[in-house]
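K.L.:
Structure below; questions to follow.
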Amino acid sequence: MEYILEMEQITKEFPGVKALDQVSFKVKKGEIHALCGENGAGKSTLMKVLSGLYPVGSYTGNIVVDGKRAEFRKIRDAENAGITIIHQELALVKDMTVGENIFLGREPKKWGTIQWDSLYFEAAKWLKMVGLNMKPDTITGSLGIGQQQLVEIAKALSKNTKILILDEPTAALTESEVEILMGILNELRSNGVSCIYISHKMPEVFRLADQITILRDGQTIKTVNKHEVVEDDVIALMVGRELTERYPRVAHDPKEVVLEVNNYSVWKEDNPQQKVIDNVNFTLRRGEILGIAGLMGAGRSELVMSIFGAYEGRWEGTVKIEGKTVQLKSIKHAIKEGLALVTEDRKRLGLVLDMDVKKNTTLPNLNKVSRFGTINENEEIKASDKFVKELRTKTASLETTVGTLSGGNQQKVVLAKWLMSNPKVLILDEPTRGIDVGAKYEIYNLMNQLVENGVAIIMISSELPEVLGMSDRILVMHEGSFARELRYEEATQENIMLAATGGK
Ligand SMILES: Nc1ncnc2c1ncn2[C@@H]1O[C@H](COP(=O)(O)OP(=O)(O)OP(=O)(O)O)[C@@H](O)[C@H]1O
Ligand SMILES: [Mg+2]
């Protein structure tokens, strides 16, 4: 049997959107097959069709798994056929233990009672497989996004999976977690498991994949062998045009200090004895992009969340905005003082998923679109439409529910909402996570434009090329302190990594 999976002429429509248009997609046994395409190209939708989330009858076309016609009515049917999907947005239950999550709905039972000892014993085994040495009774919500992702993979492995689908699995992983994952996938491949890998990170795709299929606007553009193409070929197939430059660096001319943070410490939300940020000092100037690099868990997000008034844990220190000491007690207060924060976790602080694009964009900006307390709908439309155009957000209309947008397009709405608040200081925490290469470029251009207009930007990013490509100055965080400050001229991947890992 050459192909373990054949999807033929798959068409899937939503009201007003043809998400998939006669898509063909074939995967061989024991290969890693990357699925690439811009935000909204249809990658996740195709995988939802395959994994039974969209049941037979809700799309047209054929699916053949291992030579047999597959008609999945529910997710469980697909799982029984050996297909497991790990979704783009994490789906673990936060207040359950890691072990409970791994065996959710499949708990080992005897006489109808759950066998907790054996559940946790088995769970520990799978956790080890993905390099997690935590206790299986750890509460899932206390883990970082990266670790939760690895738990999802452990869960997938614990099912007898023949085709493993990973929808942007490394978006939130640290370098070492990515290494672990790559190792696991290579091992699965040699055991004959097929893997469908969705990622916007070209280096990863090229490192891992055997075959690459490119989707654009809901259609299959081409399937290519990794060895027969280079990154730029794939990007050109994705965006339908040449993209010569990845980072639009322009020389900025930083002005006066707008944000000054002194003797700043932050304690953990869930462990008030432990510091996550230990007495840091930094300044930010109008018209500059300050990059903050560091490994996941170094405290970067806690630092900016706490400055923004969005962190529950205790903090201490002084924050000055334009020379004036402020005591930011809440998000609302921070916005009023001219701060804006685009968070890494869009579900938690970013979006109201069941509201439309327009409302999500204007939500923190109601004063800008209302007069005497009433919302001017025309203003609201005009303002949100501007950003949909500038960021090329793929949405059927401004009234489309945000939850139905593709992952990358949701991220664009988060950005739009904060860009609109016209802040003095814009803090971006992993701003381009899950965003395709073309749209990244547009976001970088927009950042430059804002900086030119006098905004100061702090950008936290785990993608070193992005930090190097866009920052005027880089602070490298290591275990809650700034280990090093680098001007962009002197910064390299090597000296950033060295400082981030505690090297001298
Ligand atoms: N439940 C839904 N209701 C309406 N439209 C939807 C729904 N799910 C997806 N779409 C639309 O279908 C198109 C394809 O979306 P999909 O999520 O498959 O894109 P994607 O390739 O995974 O993009 P990304 O890289 O941003 O994750 C988009 O235009 C999206 O808005
Ligand atoms: Mg997607």
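K.L.:
Residues 139, 163: which one is more than 16 Å from ligand 1 (Cβ to nearest atom), surrounded by fewer than 18 Cβ atoms within 10 Å (Cβ to Cβ) and modelled with pLDDT of 90 or more? Don't jump to the end; show me each part of the working.
P.N.:
On the way: 163 fails: surrounded by fewer than 18 Cβ atoms within 10 Å (Cβ to Cβ).
The unique qualifying residue is 139.
K.L.:
Quick check: anything in region 38-51 away from ligand 2 (no atom under 16 Å from the Cβ), modelled with pLDDT of 95 or more and either in contact with a helix residue (DSSP H, G or I) (Cβ under 9 Å, 6 or more places away or on another chain) or under 19 Å from residue 396 (Cβ atoms) (or both)?
P.N.:
Going residue by residue through region 38-51, those that are away from ligand 2 (no atom under 16 Å from the Cβ) are none.
No, every residue in region 38-51 fails to be away from ligand 2 (no atom under 16 Å from the Cβ), modelled with pLDDT of 95 or more and either in contact with a helix residue (DSSP H, G or I) (Cβ under 9 Å, 6 or more places away or on another chain) or under 19 Å from residue 396 (Cβ atoms) (or both).
K.L.:
Which members of region 289-314 meet the condition of being over 16 Å from residue 341 (Cα atoms) and either buried (at least 20 other Cβ atoms within 10 Å of the Cβ) or of a type in the set (A, V, I, L, M) (or both)?
P.N.:
Restricting attention to region 289-314, the residues satisfying the condition of being over 16 Å from residue 341 (Cα atoms) are 293-298, 313-314.
The answer is 293, 294, 295, 296, 298.
K.L.:
Would you check if residue 106 is more than 12 Å from ligand 1 (Cβ to nearest atom), within 27 Å of residue 403 (Cα to Cα) and at pLDDT below 95?
P.N.:
Details: more than 12 Å from ligand 1 (Cβ to nearest atom): yes; within 27 Å of residue 403 (Cα to Cα): no; at pLDDT below 95: yes.
So residue 106 does not fit the description; no.
K.L.:
Pick out the one residue from 438, 408, 454 that is surrounded by fewer than 23 Cβ atoms within 10 Å (Cβ to Cβ) and within 13 Å of ligand 1 (Cβ to nearest atom).
P.N.:
On the way: 408 fails: surrounded by fewer than 23 Cβ atoms within 10 Å (Cβ to Cβ); 454 fails: within 13 Å of ligand 1 (Cβ to nearest atom).
That would be 438, the only listed residue that is surrounded by fewer than 23 Cβ atoms within 10 Å (Cβ to Cβ) and within 13 Å of ligand 1 (Cβ to nearest atom).
K.L.:
Let me ask something else about it. Taking the options 19, 34, 41, name whichever one is more than 10 Å from ligand 1 (Cβ to nearest atom), of a type in the set (Gly, Ala, Ser) and either out of contact with any Asp or Glu (no Cβ under 6 Å at 6 or more places or on another chain) or more than 26 Å from residue 240 (Cα to Cα) (or both). Reasoning before the result, please.
P.N.:
Working: 19 fails: more than 10 Å from ligand 1 (Cβ to nearest atom); 41 fails: more than 10 Å from ligand 1 (Cβ to nearest atom).
Criteria check complete, one pass: 34.
K.L.:
Got a sec? Which of 56, 64, 93 is away from ligand 1 (no atom under 15 Å from the Cβ), of a type outside the set (S, T, N, Q), outside any strand (DSSP E or B) and in contact (Cβ under 8 Å) with a residue 40 or more places away in the chain?
P.N.:
On the way: 56 fails: in contact (Cβ under 8 Å) with a residue 40 or more places away in the chain; 64 fails: outside any strand (DSSP E or B).
Going through 56, 64, 93 in turn, just one is away from ligand 1 (no atom under 15 Å from the Cβ), of a type outside the set (S, T, N, Q), outside any strand (DSSP E or B) and in contact (Cβ under 8 Å) with a residue 40 or more places away in the chain: 93.
K.L.:
Something else now. Among the residues of region 152-197, which ones are touching a Ser or Thr at 6+ places or on another chain (Cβ under 7 Å) and in a helix (DSSP H, G or I)?
P.N.:
Within region 152-197, 156, 178, 181 qualify.
K.L.:
Could you please let me know if residue 35 is closer than 30 Å to residue 440 by Cα and either in contact with a strand residue (DSSP E or B) (Cβ under 6 Å, 6 or more places away or on another chain) or free of Cβ contacts under 8 Å to residues at least 24 places away in the same chain (or both)?
P.N.:
Values: closer than 30 Å to residue 440 by Cα: yes; either in contact with a strand residue (DSSP E or B) (Cβ under 6 Å, 6 or more places away or on another chain) or free of Cβ contacts under 8 Å to residues at least 24 places away in the same chain (or both): yes.
Yes, satisfied.
K.L.:
Also, quick follow-up: Being within 16 Å of ligand 2 (Cβ to nearest atom) and either free of Cβ contacts under 8 Å to residues at least 60 places away in the same chain or more than 24 Å from residue 493 (Cα to Cα) (or both) is the filter here; which residues of region 424-467 pass it?
P.N.:
Hit for region 424-467 is 432, nothing else.
The values are calculated or read from the model by the stated rules, or taken from the named source; none is laboratory data. Not measured: the values here are computed from a predicted model. Heads up, the Cβs are rebuilt from the backbone with ideal geometry, glycines too, and the neighbour counts pull from every protein chain shown.
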